[in-house]
Amino acid sequence: MQVGKASLRFEHPAFVASWASVAGKKEGQGPLADGIDVTETDEMFGMENWEQAESAMQKQAADLALEKGNIHRREVRYLFAGDLLGQLIATSFGTVDLEIPLFGLYGACSTMGEALSLGAMCVNAGYADRVLALVSSHYATAEKQFRFPLGYGNQRAQSATWTVTGCGAVVLESGSEMKREGACSEKNSETAMKQAETGGNGMGRKNHRFRVAVTGITTGKLVDMGTKDSMNMGAAMAPAAWNTICQNFEDFGVGASYYDRIITGDLGAVGQKALLDFMKSSGHDITGKHMDCGLEIYDRGEQDVHSGGSGCGCSAVTLCAHILPKLMRGEWNRVLFVPTGALLSTVSYNEGQSIPGIAHAVMLERMEV
């Protein structure tokens, strides 16, 4: 179970039962538009203020993930959820009607990695047969809390990223629960069966099913290299991503070739360059393997997002709209998913503190079951 200094290999992997994504208009105009389940053109989501809008988005994504998996909320043991706002108010108001026991999480933009890690640990240990990981961010709520009110109209630095308005929800379940009739959504089940019958990627045989599972994790530690620029989150988070990826390689005795893709959360163009340089300095060239959710969710040539996307919803939406579908289709078989977070607040920034970073790695594998 325990591997190396900071990792776990799960004897009983947590399988992905279903997933769903909800995003805003800008995200719906980007490269991942076809994979997003629901794109809302009203950034207020029909609510009276931005915070209520983010709560409504969370509820919508959670309900949709459960519906796609033919799962009732009473069948979910624990909810691991979070957002970027103070006291997690998007989560607390958005999930109250679900009536699922809640672990509220804050890992900044790394929260989806934290939620999947803790959820998989519970499932592996037998503490829960089924859990829900739910993470969101909203451009307007994040700008209001961390930077400037939208009405201020301040000029953004080229190193700045655009907070994603989006939410991702993933249901994880044990191997025994996934055998329950209807545990997979009809849509996902059809995809898996079609891939199996056609021998997708050389793995499938008729009457066999494939599922995506969390097979291991590497928990990140705080890394602070003194960055103080709140308009350059990529520079603050890249060292943490570097540390966690290298730790994963060391703990499991693998290298970049072990994975089809190594996917960070929201480093953006600036942070990606820093990460690749850091990795090369450690003897690992991941240039051909690396992707960043912040560079996938927007078209930087057509959309004014400067360095790329960020926010809890960035990696969560990319996971649900892009990464999991590719794994299910057999285009990838093993991915290291590494959401990254910058742990600052307006208080710490105004007091002149630096910005610590953190990154949590989740090993996602396509498995025959």
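Some values worked out for this structure:
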quantity	calculated
Top-ranked residue in segment 320-352 [being modelled with pLDDT of 95 or more and assigned to a loop (DSSP other than H, G, I, E, B); ranked as nearest to Leu118 (Cα to Cα)]	Pro339
Segment 128-141 - residue that is hydroxyl-bearing (Ser, Thr, Tyr) and either in the same structural domain as Ser345 (by TED's automatic domain parsing) or modelled with pLDDT of 95 or more (or both) and, of those, surrounded by the fewest Cβ atoms within 10 Å (Cβ to Cβ)	Ser137
Among (1) over 26 Å from Ile263 (Cα atoms); (2) buried (at least 24 other Cβ atoms within 10 Å of the Cβ); (3) charged (D, E, K, R) - the single one Arg77 does not satisfy	(2)
Within segment 101-127, tally of residues that are surrounded by fewer than 23 Cβ atoms within 10 Å (Cβ to Cβ) and in a loop (DSSP other than H, G, I, E, B)	4
Filtered residue count, segment 17-42, keeping only those that are touching an Asp or Glu at 6+ places or on another chain (Cβ under 8 Å), outside any loop (DSSP other than H, G, I, E, B) and within 16 Å of Val135 (Cβ to Cβ)	4
In segment 291-328, residue surrounded by the fewest Cβ atoms within 10 Å (Cβ to Cβ) [restricted to those that are of a type in the set (D, E, K, R) and either within 20 Å of Ala169 (Cβ to Cβ) or touching a helix residue (DSSP H, G or I) at 6+ places or on another chain (Cβ under 6 Å) (or both)]	Lys326
Residue in segment 219-229 that is small (Gly, Ala, Ser), within 30 Å of Ala33 (Cβ to Cβ) and modelled with pLDDT of 50 or more present	no
Segment 142-180, subset closer than 26 Å to Lys68 by Cβ and out of contact with any strand residue (DSSP E or B) (no Cβ under 7 Å at 6 or more places or on another chain), residue modelled with the highest pLDDT	Ser176
Filter result (farther than 30 Å from Glu40 by Cα and among the β-branched types (Val, Ile, Thr)) within segment 4-25	none
Candidate set: segment 43-74, residues that are of a type in the set (Gly, Ala, Ser) and assigned to a helix (DSSP H, G or I); chosen: the one surrounded by the fewest Cβ atoms within 10 Å (Cβ to Cβ)	Ala56
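The values are calculated or read from the model by the stated rules, or taken from the named source; none is laboratory data. Note that the structure is predicted; figures quoted are calculated from it, not measured. Because the Cβ atoms are built from the backbone with ideal geometry, glycine has one as well, and the counts that use them run over all protein chains shown.
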